[in-house]
1. Kindly identify the range 38-89 as rounded, prolate or oblate by the Cα gyration tensor criterion: order the square roots of the eigenvalues as a ≥ b ≥ c, call it rounded if a/c is under 1.5, otherwise compare a/b with b/c, prolate if a/b is larger, else oblate.
2. Helix 40-52: angle to the longest alpha-carbon principal axis of the chain, degrees 0 to 90, nearest 10?
3. Once both axes come from the Cα atoms, what is the angle between helix 68-80 and the longest principal axis of the chain, in degrees from 0 to 90, rounded to 10?
4. Take the Cα pairs of the chain, get the Kirkwood Rh, then feed it into Stokes-Einstein at 20 °C and 1.002 mPa s and tell me D in µm²/s.
5. Specify the angular offset, from 0 to 90 degrees and rounded to the nearest 10, of the alpha carbon long axis of helix 3-13 from the longest principal axis of the alpha carbons in the chain.
6. Can you give the helix-only mean residue ellipticity at 222 nm for the chain, where every DSSP H stretch with n ≥ 4 adds -39500 (n - 2.57) and the sum goes over all residues, rounded to the nearest 500 deg cm²/dmol?
7. Starting with the fewest neighbours, write out 30, 94 ranked by other beta-carbon atoms found within 10 Å of each beta-carbon.
8. Points 7 angstrom from Cα along the Cβ direction at residue 46 and residue 62: gap in nanometres?
């Protein structure tokens, strides 16, 4: 988190200027920083849903493009949970992430 603390600090530091100019101050009691990649085993099925089913607007690609994704999904999810969360093993977690990116995320990225 490089930018968020700077923005939050600027908002806090400029509260008096807002009040003096007649604006309501922005109240910040805390700032949370996150990278969005918080629970990969839970997020993996969502990525597959977005790729291959009409969960939002329309499927990004047909499940027929890579039917193995659906077959590999339970194995990938379990491997990520076992190796990256339940008992962190750097080598196995790295392999699970590589498997996920290669088999599931790369086809999504290839759609443009």
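Each value in this text was obtained by applying a stated rule to the coordinates, not by laboratory testing. Note that this is a predicted model, so its numbers are computed, not measured. In this analysis, Cβ positions are derived from the backbone assuming ideal geometry, glycine residues included, and neighbour counts consider all displayed protein chains.
1. In terms of gyration-tensor shape, oblate.
2. 70 degrees
3. Orientation of helix 68-80: about 60 degrees from the principal axis.
4. Numbers: Rh = 17.2 Å.
Translational diffusion coefficient: 124 µm²/s.
5. For 3-13 against the chain, the angle is about 20 degrees.
6. Counting only the DSSP helices, I get -15500 deg cm²/dmol.
7. 30, 94
8. In this crude label model, residue 46 to residue 62 measures out at 2.8 nm.
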